[in-house]
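The values are calculated or read from the model by the stated rules, or taken from the named source; none is laboratory data. Just so you know, these numbers come straight off a predicted model, no measurement behind them. A quick note on method: Cβ atoms are made from the backbone with ideal geometry, for glycine too, and the neighbour counts reach across all protein chains shown. The protein model used for the area step is the full one, side chains on, heavy atoms only, and it has no ligands, DNA or RNA in it. Shrake-Rupley method; radii C 1.70, N 1.55, O 1.52, S 1.80 Å.
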Amino acid sequence: MLTHLVTPLLMCIGMGLAYLGAFAHPAPHHMPVAVVGSSRSAQLLAQSINDKAGGDLEVRTVAHRSTAVDQLKHQDIFGAYVPKGDGSGKGRGDAGDGNGQARVSGNAGATGNAGATGNARAVGEARSAGDGRSPGDGTAATPELLVATAASDTSASVVQKIFTPLAAQQGAPLKVTDVAPTVADDPTGQGIFFLLVAISIGSYASVAVIGGAGAVLPIRLRAALAVGTSFVVSLIGTAFAGPVFHLVDHGLWGLWGMAWLYSAGILLIGTGLHTFLKRWTTLGVMALFVMLNFTSSGGIFRPEMQNGFFAALHSFWNGAGFVEGVRSHVYFDGYGLSGHLWTLALWLVVGVLMVGVAALAERRRRSAEAEAAANAAAVAAAAVAATVPEPAPKPVRGPVDDGVEEELEEAVGV
């Protein structure tokens with residue numbers, strides 16, 4: 001009994017090390033952000049933030065607000081700060097001059113499309129004059145922070161905390177604009193992570209049943225059961241994501257495909273591992289698909305908010321492939337989706353290979369057991385032969401003996 005208690009104690013240690021190691025002290029590590037503007041002041045601001053961050057941030061400058069939005073949607077950056085009065089870095093609309101025409105200073109060479117009458121001030125969107133001069137996005141009346149909560153709500157919150165004091169120094173409240181919001185029923189975007197948890201538990205718990213109760217079955221049949229179970233688990237996960245909790249509002253078929261790839265990889269890897277790990281299989285699959293998987297998936301904290309170990313796992317672990325794949329499919333128009341699909345497919349290939357290795361190991365094991373049984377039977381036969389004496393040969397009878405025997409048989413009536 002004491003030896004069996006080792007397993008839950010190791011689970012306790014592993015879960016504590018993994019979860020607390022990954023989530024206990026979240027802090028940005030080289031998180032990429034941007035300052036919008038091409039002026040000297042924007043470059044100095046970016047350099048100043050970089051110097052004060054001490055490696056926590058990687059601040060770059062982008063000339064246009066639209067460029068910053070594109071980079072946010074490609075998850076190249078996780079926040080873009082638009083300083084007050086410099087919406088594009090190219091031009092800035094000044095006060096209206098009484099005739100309704102907004103003047104634009106700077107190097108944009110554009111006119112404002114919003115006019116003001118009388119002495120009212122006009123702040124318009126700068127538009128290109130169409131003669132090859134640089135376009136501008138207009139004046140930022142207040143500092144603005146661009147974020148994409150669909151990429152990570154926690155990262156967006158951290159970026160907001162970083163830039164809010166900077167806006168206060170400009171004497172204006174910070175306007176936060178979400179360029180990639182999540183669906184209404186999943187405001188934090190973490191529903192995808194908890195969907196990952198549900199699919200993972202359904203998958204690795206099934207491994208214990210297939211490996212334990214199905215141990216007497218041929219491994220090809222166990223592998224077929226694993227694939228069938230992954231199909232059912234993926235359908236359950238898709239139902240949770242769609243009609244039950246409305247975590248996504250489109251692309252359910254694509255989500256189902258990724259859920260099946262993810263679940264099938266876990267089940268096949270676990271089925272193959274059971275041949276070698278036996279009663280330690282549960283601990284093994286928990287280490288792979290809970291301790292290291294959930295913590296590196298990016299569902300709670302992206303790798304930019306974690307230490308180097310879990311950030312490195314995020315680049316190739318299957319949980320990260322599922323979470324980032326679903327995000328890309330649902331919120332970012334499929335950008336980067338192919339890479340995440342390859343990650344899931346490679347884990348499925350590992351599962352197929354693991355089952356193949358297990359099949360060879362079981363075949364060799366059966367051959368060795370059959371040979372051992374044959375050897376044992378031969379040894380037993382030799383032992384029996386050595387302990388039981390052979391019967392004595394019958395004496396050779398002559399004609400006289402045969403005649404005497406016949407007379408005796410007649411005498412007794414035989």
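Out of (1) surrounded by fewer than 24 Cβ atoms within 10 Å (Cβ to Cβ); (2) of a type in the set (A, V, I, L, M); (3) farther than 28 Å from V147 by Cβ, what's the single condition that is false for L252? The failed condition is (3). Look at the stretch 328-351: where a residue is under 19 Å from D186 (Cβ atoms) and a partner is aliphatic (A, V, I, L, M) and assigned to a helix (DSSP H, G or I), sitting 6+ places away or on another chain with Cβ atoms under 7 Å, you get S328/L337; H329/L255; H329/L337. For the stretch 31-58, the set of residues classified as surrounded by 13 or more Cβ atoms within 10 Å (Cβ to Cβ) and assigned to a loop (DSSP other than H, G, I, E, B) consists of G37, S38, S39, D56, listed by residue number. Only residues that are free of Cβ contacts under 8 Å to residues at least 24 places away in the same chain, open to solvent by 20 Å² or more (accessible area, probe 1.4 Å) and in a helix (DSSP H, G or I) were counted across the stretch 305-327, and they come to 2. Contact map, the stretch 147-170: residues that are free of Cβ contacts under 8 Å to residues at least 60 places away in the same chain and open to solvent by less than 60 Å² (accessible area, probe 1.4 Å) paired with residues that are in a helix (DSSP H, G or I) and of a type in the set (S, T, N, Q), Cβ distance under 7 Å, separation 6+ or inter-chain. No pairs are found.
Restricting F316, F294 to residues that are among the hydrophobic types (A, V, I, L, M, F, W, C), modelled with pLDDT of 95 or more and under 17 Å from G14 (Cβ atoms) narrows the list to F294. Looking across the stretch 331-364 at every residue that is in a loop (DSSP other than H, G, I, E, B) and out of contact with any Lys or Arg (no Cβ under 8 Å at 6 or more places or on another chain), the one that is surrounded by the fewest Cβ atoms within 10 Å (Cβ to Cβ) is identified as G334.
At least 1 residues that are under 30 Å from L360 (Cβ atoms) and among the aromatic types (F, W, Y) in each: list the helices (runs of 4 or more DSSP H) lying fully within the stretch 231-304 that qualify. The qualifying helices (runs of 4 or more DSSP H) are 252-277.
When T61, T7, T67 are checked against the criterion of being of a type in the set (S, T, Y), assigned to a helix (DSSP H, G or I) and crowded, with 16+ Cβ neighbours inside 10 Å, a single residue qualifies: T67. Checked against (1) surrounded by 21 or more Cβ atoms within 10 Å (Cβ to Cβ); (2) under 23 Å from V350 (Cα atoms), P218 meets all criteria but (1).
When Q101 is tested against (1) modelled with pLDDT of 70 or more; (2) surrounded by fewer than 19 Cβ atoms within 10 Å (Cβ to Cβ), only condition (1) is not met.
Among the residues of the stretch 167-179, none qualifies, meaning not one is within 22 Å of F294 (Cα to Cα) and modelled with pLDDT of 95 or more. Scanning the stretch 233-248 for residues that are open to solvent by 40 Å² or more (accessible area, probe 1.4 Å) and touching a residue at least 12 places away in the same chain (Cβ under 8 Å) turns up L235, I236, F240, F245, H246.
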